[in-house]
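Beneath this line is the structure, given in structure tokens, with notes to follow.
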Amino acid sequence: MAARVLNVNVGVLGHIDSGKTALARALSTTGSTAAFDRAPQSRARGITLDLGFSCLRTELPPQLGPGPGELQLTLVDCPGHASLIRTIIGGAQIIDLMMLVIDVTKGMQTQSAECLVIGQIACQKMVVVLNKIDLLPEGKRQSAIEKMTKKMQKTLENTKFSGCPIVAVAAKPGGPEAPESENPQGISELIEVLKSQAYLPSRDPSGHFLMAVDHCFSIKGQGTVMTGTILSGSVSLGDNVEIPALKVTKKVKSMQMFHTPVTYAMQGDRVGVCVTQFDPKLLERGLICTPDSLHTIHAAIISLKKIQYFRGALQTKAKFHITVGHETVMGRVMFFSPAPANFSEEIQENVFDFEKDYLYQEQYLSKDSVSSEENKENDQAGEVQLPKQQWALLEFEKPVTCPKLCLVIGSKLDTDIHANTCRLAFHGVLLQGMEDKNYTETFLPKLKVYKQKHKEGQVERVMDDYSVIGRSLFKKETNIQIFVGLKVKLSTGEDGIIDGGFGQSGKFKIRIPDGLKPDTKMLLTAASKKKSKGGKGDMTKEDESSKNDSAQPVTISLIFKRYVFDTQKKMIQS
């Protein structure tokens, strides 16, 4: 029986020119078709443009179980160039363990920080590799490495990778032009660390087959090979697979893993799948799956969290680059939260409840987004209360094909790539996709997101004990008829009901079912007398004091809510 091979996907991430490709080359024993900058444009520009894959095979470390076997570390070399961040996000979703490569002479740089953010979202474990130690002067090398190690430990202190291993290497001593005879330094130590960090990733062959394809090419006389990593389920020879973006189904003719023919592959495996009569130019990268298992959506509801390093507020109606599965498209967002009474309620994970009411938010609520005014009030009352969970409605500029419950990342990729700032804004989980093109009519009315409306006006005068005339609540042109029957409250405590318009200037009549309080009547009568007196003669002391009392007009509060997607725009009062 063949010895078992356990595959662990190791992402090689870091800033451009930190030496990621050289490190992958130094570690690898078997290159795949996509390894080491084989693409002509990559070689010409001297940078990695796409995910490169290669593998390293070594004996199974003791923590991964007894018996003979091999550990296969599939190295995913992600590009470090800022404009290629969408490729990195695509790569991070298939990674079990991450190597963050740092140029020891430069330390953390903008993209190293972004890679760290992506790692925190998509990855469980990390090893930091301080590369290019050959560039440090020999006499000061050890102290420089120790200094950078301390610095990195400090940077990682408040992340989930706190205390992770840090290894110093020189993947390509002398730089890219140096002769191949120069041996890399520190690589065997790094392999030992990687083996010690390897774990049995949870793999599940059941469920629908889904594979992220990152390269597609034809082999004469064989057919077209799609290489990629299986994200879920499994695939066998003879299975039908769908290319959902093209609505095409093909039969699996043969399969290979790193040049070894296989008949079966499952979640986490890196595999090449060969099909016939398919033009490789049609699919450079994308998804293949069990027929009819993916959906193509025009909009989605996601649960989300803001990325702490993103500067600035996340505004409703803003546009972001949305990465869903392996596609990145432009999308507009609308944020919403539970109703304030339910802010502290525990929310069931990965489920969205259409029965509940949700509160529309102008922006994602975070400690820094709550305005200073509110802070002043809340400082006395203690901590600002934020909801345990927030959601967003995403509306895509063009439809995307993705699995349910997939990772979503929102970024501002149009930010100046030389600006020293994190472009990743939020991450979340896709809870509900909208497949109908007319989702605004068929689907959104089910989404009960409301805006709280608060209007204020003033009592102008008393009509009798049970009614007053109000003003300044509506504009002259407002149709007051639609507000008839709504409840209002006077600042003096009485409850009232809007009875109808009064005259042509936006004034209205309020019925007070329990009658006006005597104090209120006095206040209002005094105020209207004051107006009619209009400053005749000198004021006495008493007049002075009654003026102060009545200087505060009696205000009218109208509070109601309106559902954002209600076509009839009904006003609702609890």
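Checking the a/c ratio against 1.5 first, then a/b against b/c, what shape does the Cα gyration tensor give for segment 210-289? Don't skip to the end; give the middle numbers.
Numbers: a/c = 1.40, a/b = 1.12, b/c = 1.25.
The shape class here is rounded.
Can you check what the net charge comes to around GLU456, using other residues whose Cβ is under 12 Å from the Cβ of GLU456 (Lys, Arg +1; Asp, Glu -1)?
Numbers: positive: LYS453, LYS455, ARG471, LYS489; negative: none.
After counting each charged neighbour, the total is +4.
Mind listing the long-range amide H neighbours of MET463? Cut-off is under 5 Å, sequence gap 5 or more, other chains count too, H placed in the peptide plane at 1.01 Å from N.
Counting only residues 5 or more places away or on other chains, the set is VAL468, ILE469.
Hey, can you grab everything whose amide H is under 5 Å from the amide H of TYR450? Only 5+ residues off in sequence or another chain; H modelled, so Pro and N-termini drop out.
The list, which skips near neighbours in sequence, is TYR358, LEU359, TYR360, VAL564.
Give me the distance in nm between label points sitting 7 Å out from Cα along the Cα-to-Cβ direction at LEU246 and ASP414, one decimal.
For LEU246 paired with ASP414, the spin-label model returns 3.1 nm.
Can you tally the net charge around THR249? Count Lys and Arg as +1, Asp and Glu as -1, for every other residue whose Cβ sits under 10 Å from the Cβ of THR249. Walk me through the numbers on the way to the answer.
Details: positive: LYS247, LYS250, LYS251; negative: GLU242, ASP292.
That sum, taken over residues with Cβ under 10 Å, equals +1.
Suppose the chain between LYS253 and LEU64 were pulled fully straight at 0.36 nm per residue; how much longer would it get relative to their current alpha carbon spacing? All intermediate terms of the calculation are to be shown ahead of the outcome.
Values: separation 189, 0.36 × 189 = 68.04 nm, distance 3.31 nm.
Roughly 64.7 nm would be gained on extension.
Ignoring ligands, DNA and RNA, what accessible area per residue does segment 210-289 give at 1.4 Å, in Å²? Numbers along the way, then the final one.
On the way: 3580 Å² over 80 residues.
Accessible area per residue: 45 Å².
Say R0 is 30 Å: what FRET efficiency, to the nearest 0.05, do ARG57 and ASP368 get from their beta-carbon distance? Could the numbers behind the result be given before it?
On the way: r = 48 Å, r/R0 = 1.60.
Efficiency, from the Cβ-Cβ distance: 0.05.
Between SER206 and THR442, how high is the FRET efficiency from 1/(1 + (r/R0)^6) when r is the Cβ-Cβ distance and R₀ = 35 Å? Nearest 0.05. If you can, show how the numbers build up before the last one.
Details: r = 33 Å, r/R0 = 0.93.
Efficiency, rounded to the nearest 0.05: 0.60.
Work out, step by step, the length gained on full extension between THR276 and LYS489: first 0.36 nm times the residue separation, then minus their alpha carbon distance; give nm to one decimal. Provide the component values of the computation, followed by the final result.
Working: separation 213, 0.36 × 213 = 76.68 nm, distance 7.39 nm.
69.3 nm is the gain from fully extending THR276 to LYS489.
Check the straight Cα-Cα distances from LYS150 and name the lysines below 25 Å, setting aside those fewer than 8 residues away within the same chain.
Straight-line reach from LYS150, under 25 Å: LYS20, LYS106, LYS125, LYS132, LYS140, LYS160, LYS172, LYS195.
Net charge near GLY501, counting Lys/Arg +1 and Asp/Glu -1 over other residues with Cβ under 14 Å of its Cβ? Kindly include the intermediate steps, with their values, before the conclusion.
Working: positive: ARG471, LYS475, LYS476, LYS507, LYS509, ARG511; negative: GLU460, GLU477, ASP499.
With Lys, Arg at +1 and Asp, Glu at -1, the net is +3.
Step through the residues of segment 353-368 one at a time and calculate ³J(HN,Hα) from phi using the Karplus curve (6.51 cos²θ - 1.76 cosθ + 1.60, θ = phi - 60°), rounding each to whole Hz and writing x for Gly and Pro.
9, 6, 7, 7, 8, 10, 9, 5, 10, 5, 7, 4, 7, 9, 3, 7
Give, in nm to one decimal, the length gained when the segment between LYS140 and LYS154 is fully stretched (0.36 nm per residue of separation minus the Cα-Cα distance). Intermediate values should be presented prior to the final figure.
Details: separation 14, 0.36 × 14 = 5.04 nm, distance 2.14 nm.
Extra length available between LYS140 and LYS154 comes to 2.9 nm.
Sequence neighbours fewer than 8 away in the same chain don't count; with that in mind, list the lysines whose C-alpha is under 17 Å from LYS529.
Straight-line reach from LYS529, under 17 Å: LYS521, LYS541, LYS547.
Each label point is 7 Å from the Cα along the Cα-to-Cβ direction; what then is the distance between the points at ARG311 and LYS521, in nm?
Roughly 6.4 nm, to one decimal.
Based on the Cβ-Cβ distance from GLN124 to SER574, what FRET efficiency comes out when R0 is 51 Å, to the nearest 0.05? Mind showing how you got there, number by number?
Working: r = 45 Å, r/R0 = 0.88.
Rounded to the nearest 0.05, the efficiency is 0.70.
The values are calculated or read from the model by the stated rules, or taken from the named source; none is laboratory data. Here the structure is a predicted model, which means the values were calculated and not measured. Note: ideal-geometry Cβ built from the backbone for every residue, glycine included; neighbour counts use all protein chains shown. Just the protein is used for accessible areas: all its heavy atoms, side chains included, with ligands, DNA and RNA removed. Shrake-Rupley method; radii C 1.70, N 1.55, O 1.52, S 1.80 Å.
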